[in-house]
Amino acid sequence: TVLRRSPDAMLAVVGTGPYEQSLRDLAVRLGVADRVLIGGFGPEQRGALGRVVSDADVVCLLSEYEAHPVAVLEALSAGTPVLVADTSGLSELGRRGLVTTVGLGSSPQEIAARVLDVAGGGKTAAPVLPSWDDCAGQLVALYEQSAG
């Protein structure tokens, strides 16, 4: 669906796991294997992963559940626009205007349209995101306030 509107588009699936071969097979069946890259990055390849994220026109995370979407925060810090499923912690990022959301029940055509819209928006200035120390400090302040 994306390739019909953007024939030069590439999909990079970052990660490996039990679905890797079925995703490769699906790409072959759909005739898009030459437009799909699938692979993981080990801890020693953080720089290469960072380049993939920062070079992307859009990062998508369409999981049904994400407790803490570190990959999304890394993409945002690189100035790469992000499309996420409107669920769990991802919805909060959408409400804050940091990401674009799409409903879990969206059709492939709706998702493709959103992907292309977000990708077409260009890079953004990286938002100021709290560090782990900032988060810990806010949690301590909340505990102190609650304890009275």
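See the values below:
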{"item": "Total charge dipole magnitude, the chain, about the Cα centre, Cβ charges on Lys, Arg, Asp, Glu only, Debye to nearest 20", "result": "460 debye"}
{"item": "Estimated FRET transfer efficiency when R0 is 41 angstrom, pair Ser22-Ala141 (beta carbons, to 0.05)", "result": "0.30"}
{"item": "Where Rh is the Kirkwood radius over Cα pairs, Rg/Rh for segment 1-69", "result": "0.97"}
{"item": "Residue range of the chain that is longest and free of trypsin sites (Lys or Arg not before Pro) which are both DSSP loop and sparsely packed (at most 12 other C-beta within 10 Å)", "result": "1-95"}
{"item": "Length released on extending from Val70 to Trp132, taking residue separation times 0.36 nm less the Cα-Cα span", "result": "21.2 nm"}
{"item": "Theoretical FRET efficiency, 1/(1+(r/R0)^6), r = Cβ-Cβ of Asp8 and Arg46, R0 35 Å, to 0.05", "result": "0.80"}
{"item": "Segment 19-113, accessible area per residue, ligands and nucleic acids excluded (1.4 Å, Å²)", "result": "58 Å²"}
{"item": "Computed lengthening from Ser63 to Glu110, 0.36 nm per intervening residue step minus Cα-Cα distance", "result": "15.3 nm"}
{"item": "Largest-first principal axis extents, alpha carbons of the chain, Å", "result": "62, 35, 29"}
{"item": "Residues whose placed amide H lies under 5 Å from that of Val84, excluding near-sequence neighbours", "result": "Leu61, Thr100, Thr101, Val102"}
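The values are calculated or read from the model by the stated rules, or taken from the named source; none is laboratory data. Since we're looking at a predicted model, the values are computed, not measured. Neighbour counts run over all protein chains shown; Cβ positions are idealised from the backbone, glycine included. Areas reflect the complete protein model, heavy atoms only, side chains present, ligands, DNA and RNA absent. Shrake-Rupley method; radii C 1.70, N 1.55, O 1.52, S 1.80 Å.
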